[in-house]
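Worksheet: one structure, shown below.
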Amino acid sequence: MLMLRTEELIKRFASQTVVNRVSLRIGSEIHVVVGLNGSGKSTLLKTVAGIMRPDAGCISINGRDITGLAPEDRYVGYVAQHPALFSHMNVEANIRYGLRNGRGSEENIGRVVDMLDLQEVLHKQATTLSGGYQSRVSLARTLASQPQAILLDEPLSALDRAIKEKLIPRFREALRALKAPALYVTHDLLEAHLLGDRFYAMVRGVLSEATSAEEAFDRIGAKIA
């Protein structure tokens with residue numbers, strides 16, 4: 001089983017500690033982090049992805065230290081809040097982009113396309129699709145490369161509630177099928193409750209585990225509808 005670990009991870013901006021001694025162990029599960037804006041949750045993901053360098057601590061996958069590696073050498077998938085799809089490519093080409101550098105497989109592309117129900121839009125220009133479809137394409141491109149861990153930074157935040165309710169089961173099925181550690185950041189209780197296996201609250205850079213999505217939101221002082 002793949003294991004993503006962070007040990008005493010610290011990230012500072014000037015004198016402010018944004019990620020404060022975060023230690024995680026994630027197996028083939030979906031761990032959800034909730035927090036208010038500015039709590040450090042997105043910075044945590046970007047540090048694990050290699051987009052930002054930590055000031056202290058270490059990151060490893062199955063015992064392989066990736067702390068100092070470039071993002072492309074980490075075998076970590078990253079799904080951003082806004083799908084960064086190529087406007088000059090159709091959906092299939094966008095997904096196949098995930099296979100660059102010899103990662104992934106044709107078989108895996110077919111499986112991901114089926115799971116996310118993208119068969120009928122493969123030949124359409126990706127950026128002409130609805131927000132829900134663009135979110136699916138973004139996830140499919142990341143999963144196509146068969147990453148050893150996947151990080152998701154509020155990938156459904158721009159969608160309305162009705163679309164989210166339809167997409168969340170597909171996202172969960174696709175993430176669980178990967179059988180790799182998944183760290184999912186959100187500020188939405190519905191997403192957290194339906195997607196997560198374990199839950200965390202992040203407050204001023206400090207991460208603490210909660211027993212449920214509701215408890216995590218209670219810890220950050222968020223209103224629960």
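We did not get these values from a lab; they are worked out from the coordinates using the rules stated. Only a predicted model underlies this, so the values are computations on that prediction, with no experimental measurement involved. FYI the Cβ positions are ideal-geometry reconstructions off the backbone, even for glycines, and counts take in every protein chain you see.
Given the criterion in contact with an Asp or Glu (Cβ under 9 Å, 6 or more places away or on another chain) and outside any helix (DSSP H, G or I), identify the matching residue among 113, 34. Break it down into steps so the answer makes sense when it comes.
On the way: 113 fails: outside any helix (DSSP H, G or I).
Only one candidate passes the filter, namely 34.
Among 215, 209, which is the only one that is part of a helix (DSSP H, G or I), without any contact (Cβ under 8 Å) to a residue 60 or more places away in the chain and surrounded by fewer than 16 Cβ atoms within 10 Å (Cβ to Cβ)?
Details: 209 fails: part of a helix (DSSP H, G or I).
Result of the check over 215, 209: 215.
Of (1) surrounded by fewer than 23 Cβ atoms within 10 Å (Cβ to Cβ); (2) farther than 17 Å from residue 49 by Cβ, residue 171 satisfies all except one. Which?
For residue 171, the failing item is (1).
Among (1) outside any strand (DSSP E or B); (2) more than 14 Å from residue 185 (Cβ to Cβ); (3) under 18 Å from the mean Cα position of the chain (by Cα), which single condition is residue 42 missing?
Looking at each condition in turn, residue 42 falls short on (2).
Looking at segment 98-108, is at least one residue surrounded by fewer than 18 Cβ atoms within 10 Å (Cβ to Cβ) and farther than 25 Å from residue 28 by Cα?
The answer is no, given that none of the residues of segment 98-108 is surrounded by fewer than 18 Cβ atoms within 10 Å (Cβ to Cβ) and farther than 25 Å from residue 28 by Cα.
Of everything in segment 54-75 that's touching a residue at least 40 places away in the same chain (Cβ under 8 Å), out of contact with any helix residue (DSSP H, G or I) (no Cβ under 7 Å at 6 or more places or on another chain) and among the hydrophobic types (A, V, I, L, M, F, W, C), which residue is surrounded by the most Cβ atoms within 10 Å (Cβ to Cβ)?
61
Would you mind telling me which numbered condition in (1) within 18 Å of residue 34 (Cα to Cα); (2) out of contact with any helix residue (DSSP H, G or I) (no Cβ under 8 Å at 6 or more places or on another chain); (3) polar (S, T, N, Q) residue 186 fails?
Result: residue 186 passes all but (2).
Does residue 98 count as under 26 Å from residue 47 (Cβ atoms), touching a Leu at 6+ places or on another chain (Cβ under 8 Å), of a type outside the set (Phe, Trp, Tyr) and not in a strand (DSSP E or B)? Quick ask: steps written out before the conclusion?
Values: under 26 Å from residue 47 (Cβ atoms): yes; touching a Leu at 6+ places or on another chain (Cβ under 8 Å): yes; of a type outside the set (Phe, Trp, Tyr): yes; not in a strand (DSSP E or B): yes.
When the stated conditions are applied, residue 98 passes them.
When the residues of segment 176-206 are filtered to those that are among the small types (Gly, Ala, Ser) and not in a helix (DSSP H, G or I), which remaining residue is farthest from the chain's Cα centre (by Cα)? Before the answer, list the steps.
Restricting attention to segment 176-206, the residues satisfying the condition of being among the small types (Gly, Ala, Ser) are 177, 180, 182, 192, 196, 201, 205.
Applying the additional criterion that residues be not in a helix (DSSP H, G or I) yields 180, 182, 196, 201, 205.
Numbers: 180: 11, 182: 6, 196: 12, 201: 16, 205: 18 Å.
In this case the residue turns out to be 205.
Condition check ((1) out of contact with any strand residue (DSSP E or B) (no Cβ under 8 Å at 6 or more places or on another chain); (2) exposed (fewer than 14 other Cβ atoms within 10 Å of the Cβ)) across all residues:
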position: 8; (1), (2): no, yes
position: 18; (1), (2): no, no
position: 25; (1), (2): no, yes
position: 35; (1), (2): no, no
position: 52; (1), (2): no, no
position: 77; (1), (2): no, no
position: 86; (1), (2): yes, yes
position: 92; (1), (2): yes, no
